[in-house]
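Chemist: Take a look at the following structure, please.
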Amino acid sequence: MAVQNITNYSFKDIFSVSTVAFEKACTIDHSIEQNNYSIYWIQEGNGTYNIDFEQYTFTDNVLFFLSPGQVFTVDSEQIKTAYKLTFKRDFYCIQTHDAEVACNGILFNNIYETPFVKPCEKDTQKLNYILENLIEEFQQNETAQYDMLQSYLKQFIINSVRIKKENHVIKEDTETRLFKDFSLLVEQNFKNMHTVTDYANRLGLSPKSITKHFQKLGAKTPSEFIKNRILLEAKRLLIYTDKTVKEIAFELGFNDPAYFTRFFTKAILKSPLQFKKEY
């Protein structure tokens, strides 16, 4: 988003809200690696964004949610009014939160689903009300301000979760629970566990059983799932760090950098260095 006409409210560099109001639509290009958790609410505008190398097009009144480490690139945007809420993990992501509204819940750290949530008119009114109270709290210096700000942020996130659950079928059957357990294990271990058998052993199931569960959901195969997570991290490291291909290979659990290069090139149809140069 453009840097002009932005009003920023912040609390001790751990939580902030930015409001953007353009008299005329503004289009820019930029690329950002997320260092904190961010919620973008585009109230008026349209554009095309790339989030972790997947392209998404939107029109008016959408929210999207980014976690640390994700890659956010703007292809094009014409934004008239928007808000951005940014917070550090220590401010909100505490274990006492309900699983669905935590930082590893439905909205955040879910790199396998669309990041967009589209509120209806009634939902928009609720979110606006919370946001107005949040901004008002930023402008005061009252007792327990930290707690009040955290409370408003949690209300905003809870309402966003409810909107997503209303508009997206979130199943809770055996296959879906297994998929979530598998994806969480992959997220935690993809740098040192590369085979379906590794994860099947941790889940107490056979690789064949996990594959059947994925087929019922219409998801990619478990091996593709693991491979795609490794490739995503490889792309992030190639673009946003100065690490060599050899260093990246070792970080991602490959003992042979040449094998990592072949693995990457076969999947992306470009060598790691070529990908880094052309992106």
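The values are calculated or read from the model by the stated rules, or taken from the named source; none is laboratory data. Please read these numbers as outputs of a predicted model, since none were measured by experiment. Using ideal geometry, Cβ is built from the backbone for each residue, glycine included, and neighbour counts are taken over all protein chains shown.
Okay, residues lined up against (1) without any contact (Cβ under 8 Å) to a residue 24 or more places away in the chain; (2) among the polar types (S, T, N, Q); (3) touching a Pro at 6+ places or on another chain (Cβ under 7 Å):
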| residue | (1), (2), (3) |
| --- | --- |
| GLY204 | yes, no, no |
| PHE214 | no, no, yes |
| SER223 | no, yes, no |
| ILE226 | no, no, no |
| ILE230 | no, no, no |
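Chemist: Every residue in region 238-247 that is modelled with pLDDT under 90 and in a helix (DSSP H, G or I), please.
Modeler: ILE239, TYR240
Chemist: Hey, among the residues in region 74-99 that are of a type in the set (Phe, Trp, Tyr) and under 26 Å from GLU233 (Cβ atoms), which one's modelled with the lowest pLDDT? Talk me through it step by step, then tell me what you get.
Modeler: From region 74-99, those of a type in the set (Phe, Trp, Tyr) are 83, 87, 91-92; that's our starting set.
This time we only want the ones that are under 26 Å from GLU233 (Cβ atoms), so: 87, 91-92.
On the way: PHE87: 89, PHE91: 78, TYR92: 75.
The qualifying residue modelled with the lowest pLDDT is TYR92.
Chemist: Oh, and also: Given VAL20, VAL62, VAL71, which one is touching a Phe, Trp or Tyr at 6+ places or on another chain (Cβ under 8 Å), buried (at least 19 other Cβ atoms within 10 Å of the Cβ) and modelled with pLDDT of 85 or more? First the steps, then the outcome.
Modeler: Working: VAL20 fails: modelled with pLDDT of 85 or more; VAL71 fails: modelled with pLDDT of 85 or more.
Within the list VAL20, VAL62, VAL71, the selection yields VAL62.
Chemist: Is it the case, given these coordinates, that LYS235 is outside the structural domain of GLN70 (by TED's automatic domain parsing), part of a helix (DSSP H, G or I) and in contact (Cβ under 8 Å) with a residue 60 or more places away in the chain?
Modeler: Details: outside the structural domain of GLN70 (by TED's automatic domain parsing): yes; part of a helix (DSSP H, G or I): yes; in contact (Cβ under 8 Å) with a residue 60 or more places away in the chain: yes.
Here the answer is yes, as LYS235 does meet what is asked.
Chemist: May I pose another question? Looking at THR261, THR211, THR241, can you tell me which residue is out of contact with any helix residue (DSSP H, G or I) (no Cβ under 7 Å at 6 or more places or on another chain) and either surrounded by fewer than 16 Cβ atoms within 10 Å (Cβ to Cβ) or not assigned by TED's automatic domain parsing to the domain that holds VAL62 (or both)? Steps first, please.
Modeler: On the way: THR261 fails: out of contact with any helix residue (DSSP H, G or I) (no Cβ under 7 Å at 6 or more places or on another chain); THR211 fails: out of contact with any helix residue (DSSP H, G or I) (no Cβ under 7 Å at 6 or more places or on another chain).
The unique qualifying residue is THR241.
Chemist: Let me ask you something else. Among the residues of region 169-225, which ones are part of a helix (DSSP H, G or I), of a type in the set (Ser, Thr, Tyr) and modelled with pLDDT of 85 or more? Break it down stepwise before answering.
Modeler: If we filter region 169-225 for residues that are part of a helix (DSSP H, G or I), which is where we start, we get 174-189, 196-203, 207-217, 222-225.
Retained after the next criterion (residues that are of a type in the set (Ser, Thr, Tyr)): 174, 176, 183, 197, 199, 209, 211, 223.
Passing the criteria: THR197, TYR199, SER209, THR211, SER223.
Chemist: With respect to PHE254, is the statement that it is in a helix (DSSP H, G or I) and out of contact with any strand residue (DSSP E or B) (no Cβ under 7 Å at 6 or more places or on another chain) true? Working first, answer last.
Modeler: Values: in a helix (DSSP H, G or I): no; out of contact with any strand residue (DSSP E or B) (no Cβ under 7 Å at 6 or more places or on another chain): yes.
It is false that PHE254 is in a helix (DSSP H, G or I) and out of contact with any strand residue (DSSP E or B) (no Cβ under 7 Å at 6 or more places or on another chain).
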